[in-house]
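Asks: Can you keep this structure in mind? I'll have questions shortly.
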Amino acid sequence: MPQPSTIIQERELRLAALPAGQGPLAMAWLGRLPGLEVRQEGPLTLTVRYAAGRYRMSELRQQLTDAGFHPDNSLWSRLRLALYDYSDQLARHNLAQPASRSYSREAYARIYQQHLHGDHDDTPEELRHDS
């Protein structure tokens, strides 16, 4: 089973143009959270990296809003957030699943050879050829 620390999400977070200058402040505020890496890519754009089992982008965005910051609320940003949220939920769900049982290549080949296939012919070899 994958560990939560092995699935790292990297997301873009866009901020609204107003109030001006909130990019560096939001970066500093998010940078205080443990296990979160934040880079400023532009005056209104932050890149956030986090472990899938620890954070969700929608939660981080809500925390920013609660702290007084203004994330971009354009249609494109809302669509991107919905995709991020779906991806985060899926990653968390997959982390909770037990690892699937897998066979080594040799074991699988052996099982495949023993399985009767549709093209299997039980006719003895001497009767297969015309003499």
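Asks: Which numbered condition trips up Asn73, out of (1) outside any helix (DSSP H, G or I); (2) exposed (fewer than 15 other Cβ atoms within 10 Å of the Cβ); (3) modelled with pLDDT of 95 or more?
Replies: All conditions pass for Asn73, except number (3).
Asks: Then there is this: Which residues, counting only those in the stretch 61-99, are in contact with a helix residue (DSSP H, G or I) (Cβ under 7 Å, 6 or more places away or on another chain) and closer than 12 Å to Arg14 by Cα?
Replies: The first filter runs over the stretch 61-99 and keeps only residues in contact with a helix residue (DSSP H, G or I) (Cβ under 7 Å, 6 or more places away or on another chain), leaving 61, 64, 67, 69-71, 81, 84-85, 88, 95.
Arg61, Leu64, Phe69, His70, Pro71, Leu81 - these are the residues of the stretch 61-99 that are in contact with a helix residue (DSSP H, G or I) (Cβ under 7 Å, 6 or more places away or on another chain) and closer than 12 Å to Arg14 by Cα.
Asks: Can I ask one more? Take the conditions in contact with a Ser or Thr (Cβ under 7 Å, 6 or more places away or on another chain), in a helix (DSSP H, G or I) and more than 20 Å from Leu95 (Cβ to Cβ) and apply them to Leu64. Does it pass? Break it down into steps so the answer makes sense when it comes.
Replies: Details: in contact with a Ser or Thr (Cβ under 7 Å, 6 or more places away or on another chain): no; in a helix (DSSP H, G or I): yes; more than 20 Å from Leu95 (Cβ to Cβ): yes.
For Leu64, the condition - in contact with a Ser or Thr (Cβ under 7 Å, 6 or more places away or on another chain), in a helix (DSSP H, G or I) and more than 20 Å from Leu95 (Cβ to Cβ) - is not met.
Asks: Within the stretch 26-50, restricting attention to residues that are surrounded by fewer than 15 Cβ atoms within 10 Å (Cβ to Cβ) and in contact (Cβ under 8 Å) with a residue 24 or more places away in the chain, which residue is nearest to Ile7 (Cα to Cα)?
Replies: Residue satisfying both the conditions and the ranking: Arg49.
Asks: If I filter the stretch 113-128 for residues that are of a type in the set (A, V, I, L, M) and either modelled with pLDDT of 70 or more or under 15 Å from Gln9 (Cα atoms) (or both), do I get at least one hit?
Replies: Yes, that holds for at least one residue.
Asks: Sticking with this one: Does the stretch 98-107 contain at least one residue that is among the acidic types (Asp, Glu), at pLDDT below 70 and assigned to a loop (DSSP other than H, G, I, E, B)?
Replies: We begin by selecting, within the stretch 98-107, every residue among the acidic types (Asp, Glu); these are 106.
Adding the requirement that they be at pLDDT below 70 leaves 106.
Restricting the remaining residues to those that are assigned to a loop (DSSP other than H, G, I, E, B) gives none.
There is no residue in the stretch 98-107 that is among the acidic types (Asp, Glu), at pLDDT below 70 and assigned to a loop (DSSP other than H, G, I, E, B).
Asks: Residues of the stretch 15-37 being assigned to a strand (DSSP E or B) and touching a Lys or Arg at 6+ places or on another chain (Cβ under 8 Å), which ones?
Replies: Step one: list which residues in the stretch 15-37 are assigned to a strand (DSSP E or B), which gives 15, 36-37.
If the condition is that a residue be assigned to a strand (DSSP E or B) and touching a Lys or Arg at 6+ places or on another chain (Cβ under 8 Å), then Leu36, Glu37 are the ones that fit.
The values are calculated or read from the model by the stated rules, or taken from the named source; none is laboratory data. On a predicted model such as this, the values are computed, not experimentally measured, just so you know. Reconstructed Cβ throughout: ideal geometry from the backbone, glycine too, with neighbour counts over all protein chains shown.
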